[in-house]
Amino acid sequence: MLTPSEQNPRVTARSLSKWYWTESSYRTSLQESFKRAWRHWCGRSTFEEPLPTEGRQGPEKNTLWAVRDLTFEIQPGECLGVIGSNGAGKSTLVRLLARLTDPSAGEAIVQGKIASVLEVGSGFHPDLTAPENALLNGVFLGMRRVEVEERMEAILNFSELQDFKTMPVKKLSQGMQYRLALAVALHANADFLLLDEVLEVADREFENKCWERIQHQRERGVSFLFVSHNLDQVKRFCSRLLWMDEGRIHLQGEPQEVLEAYTL
Amino acid sequence: MQTRIKPQSSLPWVDWKLVYQYRDLLGLWVKRDIASKYRQTFLGPLWFVFHPLVTATVFVLIFARGLQIETEGVPPVLFYLTGLLIWNYVSQALNSTSMTLVSHSGLFKKVFFPRVILPFSYCVSSLVSLGIQLGVLSCFYLVFVGWGSPVRPTEWVLLFPFLIAQTLLLSFGLGLWIAALTVRFRDFHHVWALISPLWLYATPISYPLSALPESWHWALELNPLTSVVEGLRLGVLGTGTFHFGAWAGSVGITLGIALTGLLIFQKVERSCVDSL
């Protein structure tokens, strides 16, 4: 049953934009900001020359739009896939919605709790056991400790680590650690889950399991944002696609039509 | 629950509601920190027994025997161990707190949580070694009392929890400052390596405040640790130059450092993710 507030979009992004300094060092940007302050103080314009509005050139010298004017919605229970070539701004979009960095302009409103997996096993401690790491990981995903403990059985079953739960995770294989991290994420008590290129290494069997779990979560109103380069997976998991190019939305719509245009 | 993702405000303040939601992280990170320190080290917490003992022995040899600095009639070992209790805590807490942003940059780029919980949990987990050192001090204390030494605790010992809380808050605030500055200017930790020993000598650890001319006292009492150390000695050993006026000032400075530390940390924490 959907409550009235659940009928609002899960995510509403309006002109979400982000620019970065292209200079790699922070000190340069500090210097740059002193210069700007100085110019401002002298009453001169910050912009020395009109900058092109086309392309990815940012609002100032040495800046670059990573994403620009992203306007879209994600409904409850929807799984939005984001596709596009490297450097199209997919990861920046994920980082913005995961609250890891702030947008430069625009805004996004998310109804409910956000959880994100940008890297499998972030924050794992090699000397702690699987349940201990699952606990820490679950809390990172915004759960209370007791909530993770309630789900521990399910998490260990899902990741098939019941027999290994007293071993420190450094003794577990990469695949096992990966399954553990994903199991925690898919059991998170979140309303909006961001998955950035984390399902690609799953084998067929585990992928099926994840698919079932995601379907189950979606039926309960949980929304997903799914970034992947594996188009078969995208087709299988997503109910709508967003194709990004050069930091902007190139096309969004039904998976079938977007994929057709994309692979053309 | 609704989250608004919007451009950074110019003066971001801690989102206490979010910190409260993530409160379980504090305990888990403390546990993780302790586990990572002790698992697979053979001597484990024993290091925290040796460390103050060695330092205190050196202090006894140099300051008490060599330079003949009067320790207000208290056995020198007890005198130094009491002061080192505070100093070792501060230096240990600052060590891990100040590196929070640099050493966990990978985590900060990938995982969202209220950052301020990590430095705070380091200040909490450092209490473990403080507890161990307190045990060492107690053993020596009992031995000396048993041998007929006249040291006795006074009613000021009731201040103990407050003094420790103040030390924790001071380390937290200062750690936030150093963490923020180290991210902005990577060479800041060299600056800190220079300041830190100077700070030790500006704190009455290896000497009593009363050994200095009275006209100097105000300058040393600007150092918030002075009142903490002297107050602790007055409570535990019965000697020390402690008055409420100086302590109030030191608490004020501590609160100031903690508040400004939170402000600058919050500011840097949001923007540094893009440049780490």
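Checked against the criterion of being buried (at least 20 other Cβ atoms within 10 Å of the Cβ) and not in a helix (DSSP H, G or I), region B:145-163 has no qualifying residue. Can you find, within region B:71-87, the residue that is farthest from residue B:143 (Cα to Cα) among those that are of a type in the set (A, V, I, L, M) and in contact (Cβ under 8 Å) with a residue 60 or more places away in the chain? Across region B:71-87, the extreme among qualifying residues is B:86.
One line per residue, one yes/no per condition, for (1) under 24 Å from residue A:101 (Cβ atoms); (2) at pLDDT below 85:
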position	(1), (2)
B:21	yes, no
B:30	no, no
B:35	no, yes
B:45	no, yes
B:61	no, no
B:75	no, no
B:85	no, no
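The residues of region B:97-116 that are over 22 Å from residue A:96 (Cβ atoms) and buried (at least 21 other Cβ atoms within 10 Å of the Cβ), listed by number, are B:97, B:98, B:100.
Within region B:145-191, track down each residue that is small (Gly, Ala, Ser), touching a residue at least 12 places away in the same chain (Cβ under 8 Å) and over 19 Å from residue B:260 (Cβ atoms).
Across region B:145-191, the qualifying residue is only B:149.
Of all residues in region B:25-55, those satisfying the criterion of being over 23 Å from the mean Cα position of the chain (by Cα) and within 13 Å of chain A (Cβ to nearest Cβ) are B:39, B:40, B:41. Among residues of region B:94-108 being touching a His at 6+ places or on another chain (Cβ under 9 Å) and part of a helix (DSSP H, G or I), the one that is nearest to the other protein chains (Cβ to nearest Cβ) is B:102. Taken together, the residues in region A:219-238 that are surrounded by fewer than 18 Cβ atoms within 10 Å (Cβ to Cβ) and under 28 Å from residue A:65 (Cβ atoms) amount to 3. Restricting A:222, A:258 to those that are aliphatic (A, V, I, L, M), at negative phi and in contact with an Asp or Glu (Cβ under 9 Å, 6 or more places away or on another chain) reduces the list to A:222.
Across region B:72-125, the number of residues qualifying as over 14 Å from the mean Cα position of the chain (by Cα) and of a type in the set (Gly, Ala, Ser) comes to 4.
So that you can scan it fast, the table gives a plain yes or no per residue for (1) basic (Lys, Arg); (2) free of Cβ contacts under 8 Å to residues at least 60 places away in the same chain; (3) more than 28 Å from residue A:130 (Cβ to Cβ):
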{"residue": "B:45", "(1), (2), (3)": "no, no, no"}
{"residue": "B:56", "(1), (2), (3)": "no, yes, yes"}
{"residue": "B:69", "(1), (2), (3)": "no, no, yes"}
{"residue": "B:89", "(1), (2), (3)": "no, no, yes"}
{"residue": "B:109", "(1), (2), (3)": "yes, no, no"}
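Taken across region B:123-144, residues that are out of contact with any Leu (no Cβ under 6 Å at 6 or more places or on another chain), crowded, with 17+ Cβ neighbours inside 10 Å and not in a helix (DSSP H, G or I) do occur, with at least one present.
Answer with yes or no whether residue B:190 is surrounded by fewer than 17 Cβ atoms within 10 Å (Cβ to Cβ), over 30 Å from residue B:153 (Cα atoms) and either touching a Lys or Arg at 6+ places or on another chain (Cβ under 9 Å) or of a type outside the set (A, V, I, L, M) (or both). Against the criterion (surrounded by fewer than 17 Cβ atoms within 10 Å (Cβ to Cβ), over 30 Å from residue B:153 (Cα atoms) and either touching a Lys or Arg at 6+ places or on another chain (Cβ under 9 Å) or of a type outside the set (A, V, I, L, M) (or both)), residue B:190 qualifies.
Considering only region A:56-104, state which residues are in a strand (DSSP E or B), β-branched (Val, Ile, Thr) and within 12 Å of another protein chain (Cβ to nearest Cβ). Listed by number, the list holds a single entry, A:63.
The values are calculated or read from the model by the stated rules, or taken from the named source; none is laboratory data. As the structure is a prediction and not an experimental result, all values here were calculated from the model. A quick note on method: Cβ atoms are made from the backbone with ideal geometry, for glycine too, and the neighbour counts reach across all protein chains shown.
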